[in-house]
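Every number here is computed from the coordinates shown, using simple stated rules; none is lab data. Remember, it's a predicted structure, so these values are computed and weren't measured experimentally. When we count neighbours, we look across all protein chains shown, and the Cβ atoms used for this are built from the backbone with ideal geometry, even at glycine.
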Amino acid sequence: MSRFDRVLQSGWKDRQNRGLFRYYLEELQTRILPGMVGFVAQLNIQRGSERRRPQEIQSIQQRFDPQQFNFSKIRPEEILFGMSRGQTSSRPCLVGAQIPPGSAFVLVVINISPLEFGHILLIPDPTLSLPQILTPQVVCFGLDAVLLSGHPGFRVGFNSLGAFASVNHLHLHGFYLNWELLVESAPCEPLLPEANFYLLQEVPVPCFVFYSEGQQLEKLAERVCQVTNYLVKKEIAHNLFITRGAKPEGPVHSGARPGIRIIVWARKSCFGTKEESAFNVALCELAGHLPIKTAHDFESLTEALAIRTLQKCLLPDSLFSQLQCELVALLKE
C-alpha cells in the first residue's frame, strides 16, 4: 500500500468506528455472475434503504442551489485529508486541514452511505458552489488519486446530473473493489489515437476510452472535459470511470494493466423518480460492479437480466454514431 492508501484507509476505518456513517459496512456478500462479462454483484441492503434521498434533477445543466443539501454542510470530522497542487508544481500532495494559500485542492471526504470499503468523495473547494459538471482540475485530481494509490482495485468515478448523481455539487467518487472488471482489459477500437481516444464496444454499453500511462495528465484532463462539456451542451447524460487498465489494444498478457483508462459513457437521461429495479445504472454498474438492494434480487440476478437493465440507458444507434463522429471532429480541432 502507498501512503495515500494508508492515510485513506486508516482515516476511513476510524470514522466508521466513531459511528459517522449511516450504517456499519460489514464485508459485503459477493457473487460473480456466470457469463462472459463477469459482473461483480454485491448485496448492500443498507445503502438502498438508508442513504440520503437524491435531489430532484430536471436538467443536466441545472444550476447549483444553496438551499439544497451540499458539501458545505458536511461535518468537519467527515473530512479525511486534502489533496493540493501548488502554483509551482503539478504534482499533488496530501495535506491536513490547512490548505496552502493559492493552491488548487480537493477535500477527501467519507461517503456516509458507502457502497464498498474506503468509499470516499473528492470535493473541490465547497465554497466555490460548483454544479455537478466536470472540470479539468477535478479530473486531474481523480487521475492523481488512482496513480497515488498502490492498490490496483482503487477506482474513481463521476455521475452527471441525469445519470444518477444524487447531489448537484461537484464531486467524484472513489472506492476499493478487489475484482477486475471487463472494461479494464477489453480491446478498444482506435478513433483518434493521437488524442489517445478510443471506442470500446465489447461491453454491454459501448463507451469512449482515453488511455494514458501517466504522461501529460493536464492535457488528458482537458481532452476528457472537451468531451464531457460537449455532452453537457447537448444535454446528454454521462458517467465517467477512472481505473488502472490494459493498453487499448488489450492486455499483452493476462491481468496486465500498465496504464490508466478514463471511460466515458454517453447515455439516456433519467430524471425525476428513479425506476425500481435490481440496481440503478450509474458509474459502478456500467463498469460491471453491481451493488444490489435486496436479497431476492441478489440471488436471482443473471447476466442476461443485468445486461437488459444496463441497455435501457443506451442511446439510439444513429445518435451514438453521430456523436462518435462529432467527438472525433471536436478533438481534432
task = Determine, at each q value in 0.13, 0.21 (inverse angstroms), the log₁₀ of I(q)/I(0) that the Debye formula gives when each Cα of the stretch 143-185 is one equal point scatterer.
result = -0.35, -0.79
task = Just grab the label-to-label distance for R3 and E202, each label 7 Å out from Cα along the Cβ direction, in nm (one decimal).
result = 3.9
task = Taking the Cβ of L192 as the centre, find all other residues whose Cβ is under 14 Å away and add up their charges (Lys, Arg: +1; Asp, Glu: -1).
result = -1
note = From the Cα centre of the stretch 178-223 to that of the stretch 138-164, the distance in Å is 14
query = Which number gives the lysine pairs in the stretch 3-332 that have C-alpha atoms under 24 Å apart and are eight or more places apart or on different chains?
reply = 20
request  = Using DSSP, restrict attention to beta bridges with both residues in the chain and report what percent are antiparallel, rounded to the nearest 5.
outcome  = 90
inquiry  = Starting from the 7 Å offset along Cα-to-Cβ, what nm value, one decimal, do you get for the label separation of E213 and K234?
reply    = 3.2
ask   = What distance in nm separates the simple spin-label points at L192 and M36, each placed 7 Å from Cα in the Cβ direction?
value = 3.0
inquiry  = Could you tell me the calculated FRET efficiency between T302 and K73, based on Cβ-Cβ distance and R0 = 45 angstrom, to the nearest 0.05?
reply    = 0.65
query = Taking +1 at the Cβ of each Lys and Arg and -1 at the Cβ of each Asp and Glu, which of V205, I110, I307 sits farthest along the dipole of the chain towards its positive end, judged by Cα position relative to the Cα centre?
reply = I110
Length gained when the stretch Q322-R22 is fully extended (0.36 nm per residue, less Cα-Cα span) = 103.6 nm
